[in-house]
Amino acid sequence: MHSLTIIALVMGAVLVTAIARRFGWPAPLVVTLAAAALSFLPGLPQVEIDPEIILTLVLPPLLYSSALNVSVISFRRNLRGITMLGVVLVVVTTAAVAWVSYTLIPDMTWAGAFVLGAIVAPPDAVSATAVGRKLALPRRLMTVMLGESLINDASSLTLFRVALAVAGGLTLSLWADVGVFLFTVAIGVVFGLFFGWSFNWGRRWLRDPVIESIVSFLVPFFAYIAAEQVHGPGTFATFHGSGVLAVVVAGLVIGHRLPSAGYRARLQEQPLWNAIDTLLEAAVFGMIGLQLNSIVISVLSGPRSTRDLVITMLVVLVTVILVRPLFIFASAGLAWILALLRPDRREAEGPTLFTKSITVITPKGSGLQRMALRAKNRIRLFSSDNTSALTFKELLVLSWSGMRGVLTIAAAISVPATLPDNTPFPAHDTILLVAFTVTIGTLLLQGLTLPRLIRVLNVHDSAQARRDALARQRLLRSTLKQATEFVKSKEGSWRTKYGDATVDRAITVIGRRMATFERQIQESGAGAEPGSTLQTRHVSDLRRQVIKARREILLQERDNGNLDEELMTEILHSIDAEEFSLDAQEHSRTSL
């Protein structure tokens with residue numbers, strides 16, 4: 001593709017994205033449809049997407065950016081549900097689509113059918129989470145959606161590569177398939193931990209926000225490429241480590257320690273990654289839409305009738321959409337049955353549709369109703385603790401947030417046109433068209449109706465505000481107590497270093513701030529802290545030490561499970577703003 005064409009494409013995609021965001025429309029869908037309409041104009045240059053560019057240059061930063069914003073504590077807390085959706089559901093969807101496509105497409109082989117199933121299996125949570133943030137979905141639901149999107153790409157790509165190898169003539173047993181999966185996961189986790197820990201270690205002495213941002217931008221590419229370069233032994237030499245999983249693990253490790261970095265790096269990296277995400281998504285979905293014309297022409301010129309193609313596309317699309325809610329509610333029903341069979345096990349609170357239904361339809365006082373009531377507060381659905389159980393309404397939203405995206409298209413266009421023996425890949429053009437149909441169809445059907453579904457169901461966490469208020473109270477009490485001890489322990493050394501007058505003024509400021517903490521405790525954490533007009537360098541140094549101590553207390557409360565990651569980030573931003581204001585005051589004094 002000509003460089004001028006690429007620039008024009010990116011600029012146009014960003015412009016359409018701006019218009020879509022201005023009116024609250026789903027930007028990926030609008031960009032794709034606009035580019036698809038444009039692709040049918042005569043004389044437009046042919047657009048070809050190199051799948052390696054998407055897999056190497058686009059997917060890693062998108063996954064890394066998402067991983068930075070996921071709470072490791074919440075991720076671990078919801079690991080059961082995330083694994084069910086990100087691994088088990090991907091396998092189930094792949095098998096269901098493989099069976100449907102093998103049945104409907106005459107020249108499709110089982111290996112080719114599983115290739116198609118792996119392509120359309122992983123949902124892309126970009127659109128869903130954007131809607132969720134805008135409509136304030138409960139944090140536990142957002143964590144599950146984000147966590148699923150982080151690991152389902154790795155599992156689907158592994159299945160995709162195995163299916164491609166089998167289609168190419170490689171024979172693998174079930175145990176060999178499991179071995180390939182474990183190998184790719186292990187390599188990905190090892191490299192992710194290595195790059196994550198290495199970056200966190202280097203950040204301790206680097207302390208240059210510009211360089212930190214540059215290195216942070218490069219980390220996902222290094223992690224992805226390094227893991228992809230490690231190949232398996234012997235028969236497994238065609239398989240390699242999961243670069244996707246390496247990027248995700250590195251992002252989780254770095255994101256967890258990001259609050260310990262300098263505030264300037266945090267203030268600089270967040271808008272940087274927001275801009276990168278928007279640019280990459282706009283460009284990729286624009287290229288996706290521009291390819292639609294050539295794919296349609298190629299398929300229609302083949303031996304299959306238009307009627308059969310339409311039926312195949314629609315049936316696969318419906319299969320992809322329906323498998324997700326069926327799997328989610330079947331798993332929920334199984335959890336309910338297990339809760340009835342094991343009533344002595346304490347589970348998460350929250351009646352579900354199943355317990356409510358049995359309570360209504362069974363005679364009052366019957367044995368079945370007593371069992372339902374006994375299990376009412378002991379059901380765990382897609383969670384691992386008492387604070388993360390999803391309600392029936394939340395499960396509905398989760399089941400309808402299965403839009404496909406970048407990975408589906410990247411995997412589809414990476415399918416080779418011929419096999420190693422130079423024979424045509426079975427139903428190659430049909431696979432491409434079905435993948436495009438599933439991507440655009442889910443964005444159109446689910447992406448446009450998901451906001452309406454959330455509003456109709458009124459999905460929100462009514463207890464979240466109360467939990468945040470209590471968490472703020474605990475944090476303020478802990479801060480007040482430890483700040484008092486901190487000042488007492490440092491007062492002697494401060495007086496020796498700075499002098500009595502400076503320390504007295506600083507202690508006065510700190511005392512006022514502690515009084516503010518006490519008022520905030522009484523007001524459930526509401527209110528803002530007053531600034532200080534002190535302008536001496538020594539007092540600024542003392543205030544920095546207090547700010548550092550407050551930040552450490554904040555991280556300790558997060559690590560102890562007393563603060564949600566989102567609330568911690570909100571409070572951390574206010575502390576960062578205070579330190580930024582302090583720096584600005586010092587800069588203005590030195591520049592006068």
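Could you tell me whether segment 269-288 includes any residue that is part of a loop (DSSP other than H, G, I, E, B) and small (Gly, Ala, Ser)? I'd like the intermediate steps shown before the answer.
Here is the first cut: in segment 269-288, the ones part of a loop (DSSP other than H, G, I, E, B) are none.
Within segment 269-288, none of the residues are part of a loop (DSSP other than H, G, I, E, B) and small (Gly, Ala, Ser).
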Quiz prompt | Val296 buried (at least 22 other Cβ atoms within 10 Å of the Cβ) and in contact (Cβ under 8 Å) with a residue 24 or more places away in the chain | solution = no
Practice problem: Confirm whether Leu396 is at pLDDT 90 or above and at negative phi. | Solution: yes
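Of the residues Ile54, Ile7, which single one is part of a helix (DSSP H, G or I), farther than 20 Å from Val438 by Cβ and among the β-branched types (Val, Ile, Thr)? Before the answer, list the steps.
Numbers: Ile54 fails: farther than 20 Å from Val438 by Cβ.
Only one candidate passes the filter, namely Ile7.
What residue, among those in segment 138-171 that are outside any helix (DSSP H, G or I) and touching a residue at least 12 places away in the same chain (Cβ under 8 Å), is nearest to the chain's Cα centre (by Cα)?
Only one residue tops the list, namely Pro138.
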Quiz item: Scanning for something out of contact with any helix residue (DSSP H, G or I) (no Cβ under 6 Å at 6 or more places or on another chain), closer than 21 Å to Asn293 by Cα and in contact (Cβ under 8 Å) with a residue 60 or more places away in the chain, does segment 1-15 turn up at least one residue?
Solution: yes
Quiz prompt | Options Val97, Val16: the member that is crowded, with 20+ Cβ neighbours inside 10 Å, touching a Gly at 6+ places or on another chain (Cβ under 7 Å), among the aliphatic types (A, V, I, L, M) and modelled with pLDDT of 90 or more | solution = Val97
Quiz item: Can you name every residue in segment 310-368 that is aliphatic (A, V, I, L, M), at pLDDT below 70 and surrounded by 20 or more Cβ atoms within 10 Å (Cβ to Cβ)?
Solution: Ala339, Ala348
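For the structure I just gave you, tell me whether Gly243 is in contact with a Gly (Cβ under 9 Å, 6 or more places away or on another chain) and in the same structural domain as Pro26 (by TED's automatic domain parsing). Before you say what the answer is, go through the steps one by one.
Numbers: in contact with a Gly (Cβ under 9 Å, 6 or more places away or on another chain): yes; in the same structural domain as Pro26 (by TED's automatic domain parsing): yes.
So Gly243 fits the description; yes.
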Quiz item: Can you pull out the residues in segment 398-429 that are farther than 24 Å from Leu59 by Cβ and crowded, with 24+ Cβ neighbours inside 10 Å?
Solution: Ala427
Quiz prompt | Those residues of segment 259-268 which are assigned to a helix (DSSP H, G or I) and either surrounded by fewer than 20 Cβ atoms within 10 Å (Cβ to Cβ) or touching a Ser or Thr at 6+ places or on another chain (Cβ under 8 Å) (or both), in sequence order | solution = Pro259, Ser260, Arg264, Ala265, Arg266, Leu267, Gln268
Practice problem: Among the residues of segment 222-248, write down those that are exposed (fewer than 14 other Cβ atoms within 10 Å of the Cβ) and either within 22 Å of the chain's Cα centre (by Cα) or not in a helix (DSSP H, G or I) (or both). | Solution: Gln229, His231, Pro233
Practice problem: Consider Gly81 carefully, then state whether it is farther than 23 Å from Asn274 by Cα and in contact with an Asp or Glu (Cβ under 7 Å, 6 or more places away or on another chain). | Solution: no
Quiz item: Within segment 249-287, which residues are more than 20 Å from the chain's Cα centre (by Cα) and over 18 Å from Ile7 (Cβ atoms)?
Solution: Ser260, Ala261, Gly262, Tyr263, Arg264, Ala265, Leu267, Gln268
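Of Val219, Val190, Val215, which residue is of a type in the set (A, V, I, L, M, F, W, C), in contact (Cβ under 8 Å) with a residue 60 or more places away in the chain and not in a loop (DSSP other than H, G, I, E, B)? I'd like the intermediate steps shown before the answer.
Numbers: Val190 fails: in contact (Cβ under 8 Å) with a residue 60 or more places away in the chain; Val215 fails: in contact (Cβ under 8 Å) with a residue 60 or more places away in the chain.
After applying the criteria, what remains is Val219.
Yes/no per residue for (1) surrounded by fewer than 22 Cβ atoms within 10 Å (Cβ to Cβ); (2) at pLDDT 85 or above:
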{"site": "Leu4", "(1), (2)": "yes, no"}
{"site": "Ala20", "(1), (2)": "yes, yes"}
{"site": "Glu52", "(1), (2)": "yes, no"}
{"site": "Leu55", "(1), (2)": "yes, no"}
{"site": "Tyr64", "(1), (2)": "no, yes"}
{"site": "Asn69", "(1), (2)": "yes, no"}
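Here are some residues: Arg467, Arg455. Which one is assigned to a helix (DSSP H, G or I), under 26 Å from Leu563 (Cβ atoms) and either at pLDDT 70 or above or of a type in the set (Asp, Glu) (or both)? Please lay out each step first, then the result.
Details: Arg455 fails: under 26 Å from Leu563 (Cβ atoms).
Testing whether each residue is assigned to a helix (DSSP H, G or I), under 26 Å from Leu563 (Cβ atoms) and either at pLDDT 70 or above or of a type in the set (Asp, Glu) (or both) leaves just Arg467.
The values are calculated or read from the model by the stated rules, or taken from the named source; none is laboratory data. Being a predicted model, the structure only gives us computed values, none of them experimental. Cβ coordinates were reconstructed from backbone atoms using ideal geometry, including for glycine residues, and neighbour counts include every protein chain displayed.
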